[in-house]
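Just so it is clear, none of the values below were taken in a lab; they were calculated from the coordinates. Here the structure is a predicted model, which is why all the values come from computation and not from measurement. Every residue, glycine as well, gets a Cβ built from its backbone with ideal geometry; the counts of neighbours run over all protein chains shown.
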Amino acid sequence: MRRLIQLLPLELACLLSLSIAVEAADWPQWRGPNRTGKCEETGFNLEWKQAPPLVYMTEGFGRGYAGVSIVDGILYTTGNQEEGQSVVAADANTGKILWKTLITPSNPEHSYPGSRCTPTYDNGKLYVVASSGKILRLDAKTGATDWEKDFQSEWKGKMMSGWGYSESPLVDGENVLCTPGGPDAAIVCLNKANGNEVWRCQVPQIGEEGKDGAGYSSIVISRGAGVKQYVQLVGRGVVGVRATDGKYLWGYNQVANEVANIPTPLVDGDFVFASSSYDGGGSVLLKLKKSASGVEAEEQYWLPKRTFNNHHGGMVLVDGHVYAGHNQNQGFPTCVNMATGEIVWGGDGQRGEGKGSAAILYVDGKLIFRYQDGKVVSIAATPAGYQVLGQFMPEYQEDKSWAHPVIVNGKLYLREQDKLMCYELN
């Protein structure tokens, strides 16, 4: 009861801080409510001549590149603490840490040490994948662990390369989905209440490109060709799995590379747009069609790496156009006509305002590019041309600024390793 009483003033403060021009919404998971990287709030002035007001900068979130989820004024993320990788909950309005829960007995050993997973919030529970390879359910109020499953012992889990599991799990109805990458359990569906296995999917070798095992992407839902399915980018490429029973439906191998397949695919009706970087990467538009075996994926076009590839900052689809940073470790601002594959603007001919790959967020007709060097840039989300509206350098920057920006209730949240910055946009 004491914890509930402590939270009531916070909820009241959230309501009182709303701007009339802004429709506040929660951000319960990776890339937002629909995993599209799009914020529905409006009414901001993002034409920055200088940094917007800094509400706070606080620390204690641990090492890592994980994003944040925010529900009912509480912020959740993951990070490597001194004792091991942990889930952290904080007051989103002040940054004060409310609780930490250890999810690994020590910090996982892999390249680029640190957490990756953005916790998924659903009905008072959090679902998290540790970079060591396991999935857990925690109570969102207290941080208590309800259940956990280890990828290796349960499903012989495997990553395509050694940079740690980076998935943010998908909750769908009564189930939670994750990607251990095992030989007969590439993707698994679990009962979210108890962690019991509902089904597992074996992904066959669908081509010579890429590697066996899980990639660094997260699952999205498609209803292409009239069949509900889960779309995921794994080591061997992009695949579709029937939601009801885990049957493997289709796969496309050419988009795979030998190092790391990372961006979350975009789904739009019967279409899937997928991209990867590194040697062999590129981008593809697939159309899902009914077939005798269920669903098949038909290539509409292929864009070679030099034309367009997204490294790991993500892509957003707005009014038929894909916006993203192009090229490995470059983040060149780019607009692609999704139907035709035409580079409308950007590409190799358009250097960005910042350096390195760019994590992207769409809000109110604009794109927020957060570059690897920390710079935050506002760009008009229009095929009419590349137009920078504003930019600023955050209060603090270190290492590689890979955590994706999030906007909730008129505030911009930037995770920077152990620190969290919150900027007021109203």
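Details
- Under a 5 Å amide H cut-off, with hydrogens placed 1.01 Å from N, L249 pairs with G240, V241, R242 among residues at least 5 apart or on other chains.
- Centre-to-centre separation between the Cα atoms of the range 304-378 and those of the range 269-285: 14 Å.
- Residues E41, E296 arranged by fewest to most Cβ contacts within 10 Å: E296, E41
- With coordinates expressed along the principal axes, the C-alpha atoms belonging to the range 222-363 extend over 48, 32, 25 Å, beginning with the largest.
- Estimated 222 nm signal from helices in the chain, with DSSP H stretches of n ≥ 4 weighted -39500 (n - 2.57), rounded to 500: -1500 deg cm²/dmol
- Rounded to whole Hz, the Karplus (6.51, -1.76, 1.60) HN-Hα couplings of the range 36-44, x for glycine and proline: 10, x, 10, 9, 8, 6, 9, x, 9
- Inverting the pair-averaged 1/r between distinct Cα atoms of the chain gives 21.4 Å as its Kirkwood hydrodynamic radius.
- Model label sites at A292 and T94, defined 7 Å from Cα along the beta-carbon direction, differ in position by 6.7 nm.
- What separates the Cα centres of the range 73-102 and the range 234-264 is a distance of 32 Å.
- Out-of-range pairs (alpha-carbon distance over 29 Å; input K125/K419; K366/K400; K134/K355): K134/K355
- Diffusion coefficient, µm² s⁻¹, Stokes-Einstein with Kirkwood Rh over alpha-carbon pairs of the range 174-281 at 37 °C and 0.692 mPa s: 240
- Long-range amide H partners of W48 with built H, under 5 Å: G390, Q391
- Average Cα contact separation per residue, the range 313-392, under 8 Å, 6 or more apart, as relative contact order %: 23
- Estimated dipole of the range 313-392 in Debye, rounded to 20 [Cβ of Lys and Arg +1, of Asp and Glu -1, Cα centre]: 220
- Close amide H partners of K158, meaning residues 5 or more places away or on another chain with modelled amide H under 5 Å apart, are G181, G182, A214.
- Candidates S106, S293, S222: whichever shows maximal mean-square fluctuation once the chain is modelled as a Gaussian network with Cα springs under 10 Å: S293
- Segment A25..K38, full-extension length gain: 3.5 nm, with 0.36 nm per residue of separation and the alpha-carbon distance subtracted.
- The range 328-404: radius of gyration over Cα atoms, expressed as a fraction of 2.2 N^0.38 Å: 1.08
- Comparing Y121, H110, T77 along the charge dipole axis of the range 34-125, the residue lying farthest to the positive side is H110, per the Cβ-charge model.
- Estimated from the Cβ-Cβ distance and a Förster radius of 22 angstrom, the FRET efficiency linking D245 and T145 is about 0.15.
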